[in-house]
Amino acid sequence: MPDTSHQDQISFIIQSVDISTTPINVTKYFLKFIKEDDTSGKGIFEVTIDEIKCIGLDMDNLKGQ
């Protein structure tokens, strides 16, 4: 959805779950806004995969939401 600058942006947020603590610790990290012109499901998927690869996360350890 366009913001006040009339550009489509995606909020890129990572959530981590630490199950080694009691109680379980859930932390969310805002990483950045990503300017995206293609807001189709495919466009959002592709930009998300590119960002995940860029920051070096292992796709096998991720869950989508």
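Read-outs: derived from the displayed coordinates by stated rules, not from any lab. Bear in mind that the values here come from a model prediction, so they are computed numbers and not experimental data. In this analysis, Cβ positions are derived from the backbone assuming ideal geometry, glycine residues included, and neighbour counts consider all displayed protein chains.
Just name the residue that is farthest from Ser16 (Cα to Cα) out of those in segment 48-65 that are assigned to a helix (DSSP H, G or I) and aliphatic (A, V, I, L, M). Among them, the one singled out is Ile49. Within segment 39-51, residues that are without any contact (Cβ under 8 Å) to a residue 12 or more places away in the chain have Cβ atoms under 9 Å from residues that are loosely packed, with under 14 Cβ neighbours inside 10 Å and not in a loop (DSSP other than H, G, I, E, B) in these pairs: Ile49/Met59, counting only partners at least 6 apart in sequence or on another chain. Based on this model, can you work out whether Phe45 counts as surrounded by 11 or more Cβ atoms within 10 Å (Cβ to Cβ), in a strand (DSSP E or B) and not aliphatic (A, V, I, L, M)? Answer is no for this residue. Can you tell me how many residues in segment 2-47 are basic (Lys, Arg) and under 12 Å from the mean Cα position of the chain (by Cα)? Adding up the residues that qualify gives 2. Please specify each residue of segment 19-42 satisfying the condition of being surrounded by 10 or more Cβ atoms within 10 Å (Cβ to Cβ) and not aromatic (Phe, Trp, Tyr). Residues satisfying the conditions are Asn25, Val26, Leu31, Lys32, Ile34, Lys35, Glu36, Asp38, Thr39.
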